[in-house]
Amino acid sequence: MSAPRTLGINGLGRIGKLTLWYHLGRDDFDRFVVNVGRPVGTSLQSIAEYVGKDSTYGPLHRFLRGHQGRRDIQVVDEAAGLIRAHGKEIIFLREVRNPKDIPWREHGVTLVVDCTGKFRDPHTDVDDPKGALRGHLAAGARAVVQSSPFKSKHKGVPLPTDSAILIHGINHLDYDPGKHKLLSAASCTTTALAHMMRPLLARDLTRNMITAGMSTVHAVTNSQPVLDAVPGSGATDMRKTRGAMGNIVLTSTNAANALEQVMPEIARIGFMADSVRIPTASVSLIILNVTFQTEALPDGTVSVDRDEINAIYKEASEGEARGLVKYSEEQNVSADMLGEDAAVVIEAVETHTRTGFVDLKLPDGCGEHRIPLTHVKVFGWYDNEMGSYTYRLGELTTHVAKSL
């Protein structure tokens, strides 16, 4: 009998819990070891209740089995941290936080998903007193998937050769089990943005981009306080400490920079990105603006219009990006997208294009040349917690597990 297929999860916050939910509903792993790193509540039952319920997505049994589902989560062994949920064993570790001290080896864990957001620098040495992502390798893991972008203290220094940023459906096939030990699944926004950009870059009609920009209208995250809080030492952005549920908060995003590392062709385009946090629990919206150099057709029209852009996304949703990019001609609101299994859903009714002309004076009296430029605006929904990000993270994790 073969050993059980065991997945390690470090951290039980939003993405850690939803990662566990995702894999409980599939057959790629039989057993889970989840490091919480500290006591929770009064007993293991407190963890069982936390895992079994969610304010955004409802109870676990309904997520897994629909409205016919029934609660199936029991504490089996308090001392061992063993819970059984929907036919699978979950061991919860509640003692250490430093990755190098987590007993992965003792529990047969070779693949870890780190969902803490605390160990983001792949350059950090395993013996760093604050802990390091590499600590999981020292503790017995063969590979680590991080559920956030890498963030290095060494600005401008390339990633270590054993590290890579991978997004499922974009570049996950670049994973090399003989080389890569530390992986980042990027962020929810970078994931959705990559899947919005890929169909445009893949076609002759739209790949000649001059500049691009995006704004994400983003749901709140646990990095924001519920009520106004005192800024920490060295804080430069006072808005990040304002109450999340009563404000629209302008902030930044690293999505464009991260996208360059996943899709190098983006580097030639002047790309800007920003974020607006709004008081909703999940589901966010990317507003993508792209400017193309286009050609005027003999009848005076231009080669890129609204119908052409929508046709590109519709074709992608039925072809190379099937199951990742979805195309909708309905009039949606954010609640309609909660739990939607797609990296991004194109809101086609809101696609817009406008064409203007730039008159260039040529040197040496050679006259003027008129160049048509077309500006395109595309809207894309993504369930930033579950349906867009955690599902893609789960697919990447499964791909890595099967490749190890």
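Side notes on the structure shown:
- Computed helical MRE - 222 nm, the chain, DSSP H runs ≥ 4 contributing -39500 (n - 2.57), nearest 500: -5500 deg cm²/dmol
- The loop-placed GluC sites (Glu not before Pro) in segment 307-360, going by DSSP, that have at most 13 neighbouring Cβ atoms within 10 Å of their Cβ come out as Glu320, Glu329, Glu330.
- For the chain, the longest principal axis of the C-alpha atoms and the axis of helix 391-403 are separated by about 70°.
- For the chain, the share of alpha carbon pairs falling in successive 20 Å distance bins from zero is 25, 54, 18, 3, 0 percent.
- Estimated translational D of segment 189-387 in µm²/s (Stokes, Kirkwood radius over Cα pairs; 37 °C; 0.692 mPa s): 178
- Square roots of 5 times each gyration tensor eigenvalue, C-alpha, segment 324-379, largest first, Å: 42, 10, 7
- Around the Cα centre of the chain, unit charges on the Cβ atoms of Lys, Arg, Asp and Glu (plus for the first two, minus for the last two) sum to a dipole of about 1300 debye.
- Separation of the Lys179 and Ala267 label points, Cα + 7 Å toward Cβ, nm: 1.6
- The label-point distance for Thr110 and Asn208, in a model that sets each label 7 Å from Cα toward Cβ, rounds to 5.1 nm.
- Kirkwood Rh and Cα Rg combined as Rg/Rh, segment 208-258: 1.08
- Taking every DSSP bridge with both residues inside segment 189-387, close to 70 percent are antiparallel.
- Summarised in one figure, the compactness ratio Rg/Rh of segment 6-160, Cα atoms and Kirkwood Rh, is 0.99.
- Top positive-direction residue, dipole computed over the chain with Cβ charges, set Phe29, Asn208, Val345: Phe29
- When Rg and Dmax are taken over the Cα atoms of segment 140-279, they come to 17.2, 51 Å.
- The Stokes-Einstein estimate for segment 1-96, based on a Kirkwood radius over Cα pairs and taken at 20 °C with 1.002 mPa s viscosity, is a diffusion coefficient of 158 µm²/s.
- Compared with the dominant Cα axis of the chain, that is its longest principal axis, helix 14-24 is turned about 80°.
- The residues neighbouring Ser148, those whose beta-carbon lies less than 12 Å from its own, together hold a net charge of +2 under the Lys/Arg +1, Asp/Glu -1 convention.
- Footprinting exposure proxy ranking of Val290, Val145, fewest other C-beta atoms within 10 angstrom first, gives Val290, Val145.
- For Lys17, the lysines whose Cα comes closer than 25 Å to its Cα, not counting residues fewer than 8 places off in the same chain, are Lys53, Lys88, Lys100, Lys118, Lys130, Lys151, Lys181, Lys240, Lys402.
- Mean separation of Cα contacts under 8 Å, 6 or more apart, over the residue count of the chain: relative contact order %: 14
- Sorted by Cβ neighbour density within 10 Å, fewest at the top, the residues Lys326, Lys130: Lys130, Lys326
- Shape summary: segment 358-404 maps onto an equivalent ellipsoid whose semi-axes, from the alpha-carbon gyration tensor, are 51, 17, 6 Å in decreasing order.
- Sparsely packed loop sites in segment 239-296 (the GluC sites (Glu not before Pro) outside DSSP H, G, I, E and B with at most 16 other Cβ atoms within 10 Å) comprise Glu295.
- Counting neighbouring beta carbons within 10 Å and listing from fewest to most, the residues Lys377, Lys17, Lys153, Lys240 come out as Lys153, Lys377, Lys240, Lys17.
- Summing +1 for each Lys or Arg and -1 for each Asp or Glu among the other residues whose beta-carbon sits under 10 angstrom from that of Trp381 gives -3.
- Taken as Cα centroids, segment 1-55 and segment 183-198 sit 25 Å apart, rounded to the nearest whole angstrom.
- Helix axis angle, 306-318 relative to the chain longest principal axis, alpha carbon, degrees: 30
No value in this document is a laboratory result; all are computed from the given coordinates. Everything quoted here is computed from the prediction, not taken from an experiment. All Cβ positions, even for glycine, are placed from backbone atoms using ideal geometry, and neighbour counts span all protein chains on display.
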